[in-house]
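J.: Before I ask anything, let me first share the structure, which is written out below as structure tokens.
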Amino acid sequence: MSLENDLESAILKINSVYNKLSIAYTGEIFNFRKEKVKDIIDDDSIIKDTYQNIFDNYRQFLADNQLSLFTLSFDLDDIFDDDLYKINERIKAANSIYEKLRRYCDKKEKGDISLNKCLNDFFGIRMVFTDLIENKQNVLKTLEKLKENKVIKRYYVRNDGEYSGIHITLNGNDNLRFPWELQLWDKSKFESNMNAHDLHKEMTKYTNIPKHYFTKMEL
């Protein structure tokens, strides 16, 4: 099969697991489009307890369902033949959530931006392919079809300096679920993307995060 057909099967599989876990999650949640970043951070630049507890509960829920997530990775690996070079998954780290919210508060909008434009990757999957670039146009057509069929919320090509990839968001299309993100990379861009990723993390890292914040955030 072609890469775009295999990718469609993979995304449908991911979406199935996403929907299953989203339905199984019974913790509190809110509308990610209506909530603003500025309303989540308090005057001391700390995430308000109400939201902190919601984030903590969902991260713990994902940790409790690691078996399903690991099984998903094996299932994805079986879908592709030699196209798939590497696959990684991760639950968004506590400090990464904090740093991203702080970063959006420091931008010109001063946090007056919907949360779904800031935190769209509570769980992330990165798939690196050997032939993504040569199949890029067909892949984009497939993603457009999946968007029209409401399987994915959105996708975009990100070219930022040395970084190049395709980002895909799943959120159930109702903004009432914790969003997941898929990243598609080409193997030829793996090293430069990793370098750009590490540089971005270092440049945007806050060094004055209160110690009690990390204690409170540990799973």
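None of the figures in this text is laboratory data; all of them are computed from the coordinates on show. Because the structure is a prediction, the values reported are computed rather than measured. Here the Cβ is made from the backbone with ideal geometry for all residues, glycine too, and neighbour counts use every protein chain on show.
J.: Among the trypsin sites (Lys or Arg not before Pro) within region 48-148, which fall in a DSSP loop and have no more than 15 other Cβ atoms within 10 Å of their own Cβ?
T.: Filter output for region 48-148: Lys48, Lys107, Lys108, Lys110.
J.: As a test, work out the antiparallel percent of DSSP beta bridges whose residues both lie in the chain, rounded to the nearest 5.
T.: Close to 75 percent.
J.: Taking amide H atoms as placed 1.01 Å from N in the peptide plane, list the residues 5 or more away in sequence, or in a different chain, whose amide H sits under 5 Å from that of Tyr85.
T.: Val128, Phe129, Thr130
J.: Which ³J(HN,Hα) values, rounded to whole Hz and listed in residue order, are derived for region 171-186 from phi using the Karplus coefficients 6.51, -1.76 and 1.60 in 6.51 cos²θ - 1.76 cosθ + 1.60 with θ = phi - 60°, glycine and proline given as x?
T.: 8, x, 6, 10, 6, 10, 10, 5, x, 10, 10, 10, 10, 10, 10, 9
J.: Find, to one decimal place in angstroms, the Kirkwood hydrodynamic radius of region 1-104, where the mean of 1/r is taken over every pair of different Cα atoms and then inverted.
T.: 16.1 Å is the Kirkwood radius here.
J.: Starting from one equal scatterer on each C-alpha and no solvent at all, send me the Debye-based log10 I(q)/I(0) for region 3-217 at q = 0.09, 0.14 Å⁻¹, two decimals.
T.: Scattering profile of region 3-217, log10 relative to I(0): -0.37, -0.92.
J.: Another question, then. Once you charge only the Cβ atoms, +1 for Lys and Arg and -1 for Asp and Glu, what is the size of the charge dipole of the chain about its Cα centre, to the nearest 20 debye?
T.: 820
J.: Here's another thing I want to ask about it. Could you point to the residue in Ile46, Leu12, Asn171 farthest towards the positive end of the chain's charge dipole, with +1 and -1 charges on the Cβ of Lys/Arg and Asp/Glu respectively?
T.: Final value for the positive-end residue is Ile46.
J.: Could you line up Ile40, Ile54 from fewest to most neighbouring Cβ atoms inside 10 Å?
T.: Ile54, Ile40
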